[in-house]
1. Based on the mean of other beta carbon atoms within 10 Å per residue, what is the order of 221-227, 97-103, 400-406, most packed first?
2. Near N478, within a Cβ-to-Cβ distance under 12 Å, what is the net charge of the other residues, with Lys and Arg +1 and Asp and Glu -1?
3. Please get the size of the charge dipole for the chain, origin at its Cα centre, with Cβ charges of +1 on Lys and Arg and -1 on Asp and Glu, quoted in debye to the nearest 20.
4. For region 337-389, what ratio Rg/Rh do Cα atoms give with a Kirkwood hydrodynamic radius?
5. Considering only C-alpha atoms, what is the centroid distance from region 94-120 to region 37-71, in Å?
6. What does a probe at T218 reach in region 283-320, counting residues whose amide N is under 15 Å from the point 7 Å along Cα→Cβ?
7. Can you give the local net charge around A95? Use residues other than it whose beta-carbon is closer than 15 angstrom to its beta-carbon, Lys and Arg +1, Asp and Glu -1.
8. Using a simple charge model, +1 on the beta-carbon of Lys and Arg, -1 on the beta-carbon of Asp and Glu, nothing else, what dipole does region 296-367 show about its Cα centre, in debye to the nearest 20?
Amino acid sequence: MKLKKLLPVVFAGAIAAVSVASLTACRFVDDEDYYDYTILAVKEETVKDYNTMPVFEELERVTGKEVLWTFNTSTQYSNNNDPVSIRGIDAIYHAGFSDLRLYNYGRRNRIVAIDQYLDSMPNFSAILEARPDIAEAIKSPDGHIYSLPRVEEMGLKAYPNILFLNKAWVEKLIDGGNMPSEVSLEKEELVDGLKLTRNQFKAILQKFNDLDMDGDGTTTNEIPLSFVSGNWQGNESDLIASFGVPENTQHKTIVNGEVVFTVEDENWYNAVVELNDWYNRGLIRSSAFTQTQDEFLARGQDGRYGSFYWWEKETVVASYLRDDYIMLQPLVDDETGRQYVGVSNELEIEKGECVILSSCSDIEGLLSYFDKFFEPDYSAQLNYGSIESGAFLDEKVDGKLIPNDDHGNQSADDFRMKNAPYGVVYLTQETWDNYVEMEPRAKLRLERLNTWVKPYTYEGATSIPNLNYTVDQLNTLNRYEASLANNITAWMVNRITSTSPPTVSDWQNFLSTNRQSIDTVKSINQEAYDNYLEAIEQETA
């Protein structure tokens, strides 16, 4: 069914509704051109225009649905307090709505309750039936599903940090007779899986800081240890976890079925005290707490890092320097002799990825279009780039799409960021087994994690899954959770980067000040987690 919408009309409405910045699209049509739907996508300018991406051109061909993609950058989008009010659009892709926002928009009938249109979505319906955990994870308090999810299951997100060490610099220390007295290493020991205590690692970093490791005549541009504080990957959490605490960026996890805040653990306080010393010795620079992910990656290309946390060295350093770095095991705690890593709460089932506006004139048709996104071939191309763009080989092997590793001078990340729209996908173990070959770098990550990281998970620690909350709980979390997270981050960073370490009384006062928030958030999450387990048990019985 053609809806006969005219482009100039839609843009006039959109521009009037968005004061921060007009919607932009790179495809221009005249007054006689018709299309079925207009979808607002949140994307950066470096990402290719969705209207010209082969995967969307193919989706238009197989569905018969003509879609016009319009865009906001993340900054433009975040500056709009009510994006659902934008006139002339039928859906928002990469919506990123919180649970509370989804529920409030849904109950006011501003976005569609997708569960009421499942007859138009055979693929999505089959997923919900086969995976009750997904169905439970994406429900709102009233039981409705107001958004299409992103599902990408690899077993990677729970362990977002691997520690890499500059082997070439350690070899230089050995050759120059400058190895710290605490460390006895031979060159042949400098291989992936090297085991160091935290104090040995610290002593090596001190040498990296004090000496001219890159041979350029100055000791000011070497960075002993780098990470991206609070980032979803490559953060400081596992450095803190090495002290014997199940840390993650939210400072909140589940241990043996109980929701806990790591900041209440004395070992967390001890970690902050010690990292304050590392900071004041120059082993950690202030940039670790202020840099973006892109800035971190750019700074690492020339090999100036003595060590860093990331998923893979191949992304952080230029190709000609990759052999200079080796992977370390999680650091050994000097007092206990134990190794620990925490588990992140980064979810493989992401809620709120795409919403359909109730003002859409053909809800069933648009949902049938999106239903194709859940098919393996389309999910793969949405997630990695189209076959035509070079993301996969032209021919399948044994019925499976095969990733193409050759992107010329581009890194795999650069290629993917430009060519893949991400968003609504369904990639599970069944997909990897039968339809899509996993990327070699993803396989390498899994191999590294399974061998050197996962075995050292803090005993009993698990991720907090997608939880369903009552309306009252959502409103309460809205009052407490974000401000508590900001308070914890501010206190931790301020104390680590202070000229002197925090005292026990300073830490206890911090906990006392935030006691109501901590207890409230814990209690609500515990109740929701218990209900989640009960619901899963009932649906799988």
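The values are calculated or read from the model by the stated rules, or taken from the named source; none is laboratory data. Because the structure is a prediction, the values reported are computed rather than measured. Backbone-built Cβ (ideal geometry, glycine too); neighbour counts: all protein chains shown. Please note that ligands, DNA and RNA were not included when accessible areas were found on the heavy atoms of the full protein model with its side chains. Shrake-Rupley method; radii C 1.70, N 1.55, O 1.52, S 1.80 Å.
1. Working: 221-227: 22.4, 97-103: 20.1, 400-406: 15.9.
Put in order of decreasing packing, that is 221-227, 97-103, 400-406.
2. Values: positive: R101, R479; negative: D99, D472, E481.
With Lys, Arg at +1 and Asp, Glu at -1, the neighbours total -1.
3. Values: 47 positive and 86 negative charges, 253 e Å.
That gives the chain a dipole magnitude of about 1220 debye.
4. Values: Rg = 18.0 Å, Rh = 14.7 Å.
The Rg/Rh ratio comes out at 1.22.
5. 22 Å
6. 304, by backbone N distance to the label point.
7. Working: positive: K43, R101, R110, R150, K351; negative: D82, D90, D99, E350, E353.
The answer is 0.
8. Values: 6 positive and 14 negative charges, 60 e Å.
My answer is approximately 280 debye.
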